Structure formats: structure tokens, C-alpha cells
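For reference, the structure is listed below as C-alpha cells.
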Amino acid sequence: GAGVSQSPSNKVTEKGKDVELRCDPISGHTALYWYRQSLGQGLEFLIYFQGNSAPDKSGLPSDRFSAERTGGSVSTLTIQRTQQEDSAVYLCASSLSPGQGAVGNQPQHFGDGTRLSIL
Amino acid sequence: QKEVEQDPGPLSVPEGAIVSLNCTYSNSAFQYFMWYRQYSRKGPELLMYTYSSGNKEDGRFTAQVDKSSKYISLFIRDSQPSDSATYLCAMILLSGGYQKVTFGTGTKLQVIP
């Protein structure tokens, strides 16, 4: 299908290693969001992209976390020097943006996430 | 205090029952309200999207918003085992030209055949 695609679906790595998570949004969606979902914590907002720019990075938990988006499409979330508390499911969502349609037509469509486990 | 409160459950009901899922919120600036369904090891899937106070119906699902009480509900009629999932409420605040979404923690629902 043409939904949001995330890779890898699962990632197990040792504490201290760097990891890179990838998100392919729905074609034509200019808005892209990263969330983190931990057990019992709900979805925690990390960062928002409009095109290749990130006007809101307020949810990134520390400077070990960074994200970029290229070509207004694919986005990567990088976690450096991973810690055990980084273990979670990282979800990506995309949507149309204001101006591309009425707000009522802008639901966020989610990928199935990357399950990250830090040993 | 969290901006959005949602009972985590689990909620267990027999097949055919009417299910009521609820969220309360504290930020009166929230403008749009959504319900997502999330199956195990899958991403959230949008079920309902509402703006104004009142009811919105879609098949077996009814979303209800009471802005004066800061309370939203999702009703599922004739519940089926396939409805077993975690249900997340979500609220949108439009800020700086984009939507900032705050999610509840989710209610885990199990429908027993």
C-alpha cells in the first residue's frame, strides 16, 4: 500500500551505540511527526517537520536525539550513545498541512513503528 | 496534572456489549478531538475526528464531545472480538500554523467472545 513506512521494524542494540530510524511518509504529505511510545506513557511528541524544516523540536528529550528530513520526504531519527531509557517504540506520522486542505482533512497517518531495545 | 487523562484499563466486556471509553482534558484551547485504535504491534489508526460539541456517528462508533465539561467519549455498539485493541484519545491545538497533538495514554479493551 501507500501508507507510512518505517524501518527497521525492530532494532536491538547495545548501550552506547548509535541508532538510525527511518520514516517514509505518504507521498504528498508535507507534514511529518515523530513520536515515542513507552508502556503506560502514551505517545510522546518528539519533533515536527514541515517540508525539510523542523519548526518544533521541543519534544526531543536530549541532545543525543536528532532528526532530519531530505527532499521533503524521507526522515531519519538518530539517537547517539543510546541509553536503556531510550527503549521504546518510535512512531512516525505524516499528514497534509494547512493550505493543502481543510483541517478536517488532515488526520495524521501512522506507520507501525520501530521497536527499539537497548541492552 | 496531565493535559489529557485516560483510564488505562484494561476493560473487558462480553461480545455484543456497548463499550464506553472516555477522556478528560484540562486545556480549553484544544480545538479538534480524535480517537485512534491501535492493535498490538501496529501503529495507531484514526477512527473518529470531531470538532464541535455534540455527537458524531460512524457505523458502530459514536464520538461525543462536551467542551463545557472538557470531556470526550467513544461509544462502540455491538462490540466484536475484533474491536479488542488499545483506544487512544487525541486532541489538537493549532499553533504556529500546524497541529500539535496531545494523546491520552490509551485504554486497553478486550471483547470476550
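Listing for the model above:
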quantity: Percent RCO, i.e. relative contact order, over chain A, from Cα pairs under 8 Å lying at least 6 residues apart; calculated: 36 percent
quantity: Contour minus Cα-Cα distance for B:Ser26 and B:Tyr39 (0.36 nm per residue); calculated: 1.9 nm
quantity: Counting all C-alpha pairs of the protein assembly as shown, share separated by more than 22 Å (%); calculated: 53 percent
quantity: Estimated vicinal HN-Hα couplings, Hz - the stretch B:3-11 in sequence order (Karplus 6.51, -1.76, 1.60; Gly, Pro = x); calculated: 5, 10, 10, 9, 5, x, x, x, 10
quantity: Solvent-accessible area of A:His29 with every protein chain in place, 1.4 Å probe, in Å² to the nearest 10; calculated: 20 Å²
quantity: DSSP-assigned coil residues among trypsin sites (Lys or Arg not before Pro) in the stretch B:21-57, each with at most 16 further Cβ atoms within 10 Å; calculated: B:Arg41, B:Lys42
quantity: Averaged over B:41-51, number of beta-carbon atoms from partner chains that fall within 10 Å; calculated: 5
quantity: Lys, Arg +1 and Asp, Glu -1 on Cβ, resulting dipole of the stretch A:1-75 about Cα centre, debye, nearest 20; calculated: 120 debye
quantity: Calculated over chain A: convex hull of Cα atoms, volume per residue (Å³); calculated: 103 Å³
quantity: Solvent-accessible area, 1.4 Å probe, carbon plus sulfur percent, for the protein assembly as shown; calculated: 47 percent
quantity: Alpha carbon Rg of chain B, scaled by the compact-globule rule 2.2 N^0.38 Å; calculated: 1.03
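The values are calculated or read from the model by the stated rules, or taken from the named source; none is laboratory data. Everything numeric in this text was worked out from a predicted model, so none of it was measured. No Cβ is skipped: glycine too gets one built from the backbone with ideal geometry, and neighbour counts run over all protein chains shown. All accessible areas refer to the heavy atoms of the entire protein, side chains included, with ligands and DNA or RNA removed. Shrake-Rupley method; radii C 1.70, N 1.55, O 1.52, S 1.80 Å.
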